[in-house]
1. Restricting attention to segment 85-96, report how many residues are in a helix (DSSP H, G or I) and open to solvent by 50 Å² or more (accessible area, probe 1.4 Å).
2. Going by the conditions given, is Thr81 part of a helix (DSSP H, G or I), among the polar types (S, T, N, Q), within 30 Å of the chain's Cα centre (by Cα) and at pLDDT 90 or above?
3. If Pro108 satisfies all but one of (1) part of a loop (DSSP other than H, G, I, E, B); (2) in contact (Cβ under 8 Å) with a residue 40 or more places away in the chain, what's the number of the condition it fails?
4. Residue under question is Met58, and the condition is that it be touching a strand residue (DSSP E or B) at 6+ places or on another chain (Cβ under 7 Å) and surrounded by 10 or more Cβ atoms within 10 Å (Cβ to Cβ); does it hold?
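The values are calculated or read from the model by the stated rules, or taken from the named source; none is laboratory data. Computed from a prediction, not measured in an experiment: that's the story for all the values here. All Cβ positions, glycine included, derive from the backbone under ideal geometry; neighbour counts span all protein chains shown. The area values use the complete protein model at the heavy-atom level, side chains included, leaving out ligands, DNA and RNA. Shrake-Rupley method; radii C 1.70, N 1.55, O 1.52, S 1.80 Å.
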Amino acid sequence: MADTQAPATAPATQPTPKEIDALIAEYAAAQGIALEMGAMAKEASDTAGGIKVRLTAMVETWGGRHTAKSKRLAGLHNTATTTTATRVSVDDAAVEAMRTFLSTTEQPELAEQFFVSHTSYSLVAGPDEKLKSLTMGGRLRAKIRSLLKNCFEIKTNTPSLKIEMAELKTARFRCV
């Protein structure tokens, strides 16, 4: 394999055509090896990705519940665990529907007490406590609670995968 720490400057004397050809050939060979290694790395990465998909499916199908959001599948020496995260986001259209409804009620300012408007909405702290503290009819309270619940989407991420492999210990032999 060629030296990768070649000097960054030109030689002190003018190179011969033979030296030029040799350096060009060396460069072309190194470039070919780099391209080949890149292709091999891509192929290895694709293979590992396919195996990860199969392993994740195996754990999701056959693994036992490890925590509320994870499953674990153990072999003789190794363990694979999947964890499925969830995200909660505010549904802007549902918040607007709630704001529209509240504008027709006796308390149109309530929308600002539940959500803060930025580019999108984010929930303020304690909307249930705020709703309980208000004086209003039961039907209106139920309608607002229903609209409030519609303002959220719970999204499930694809499971992440973690593996634990037993460390291989070298056996020691003693000659007697």
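1. 3
2. When the stated conditions are applied, Thr81 does not pass them.
3. (2) is the only condition that Pro108 fails.
4. On the way: touching a strand residue (DSSP E or B) at 6+ places or on another chain (Cβ under 7 Å): yes; surrounded by 10 or more Cβ atoms within 10 Å (Cβ to Cβ): yes.
For Met58, the condition - touching a strand residue (DSSP E or B) at 6+ places or on another chain (Cβ under 7 Å) and surrounded by 10 or more Cβ atoms within 10 Å (Cβ to Cβ) - is met.
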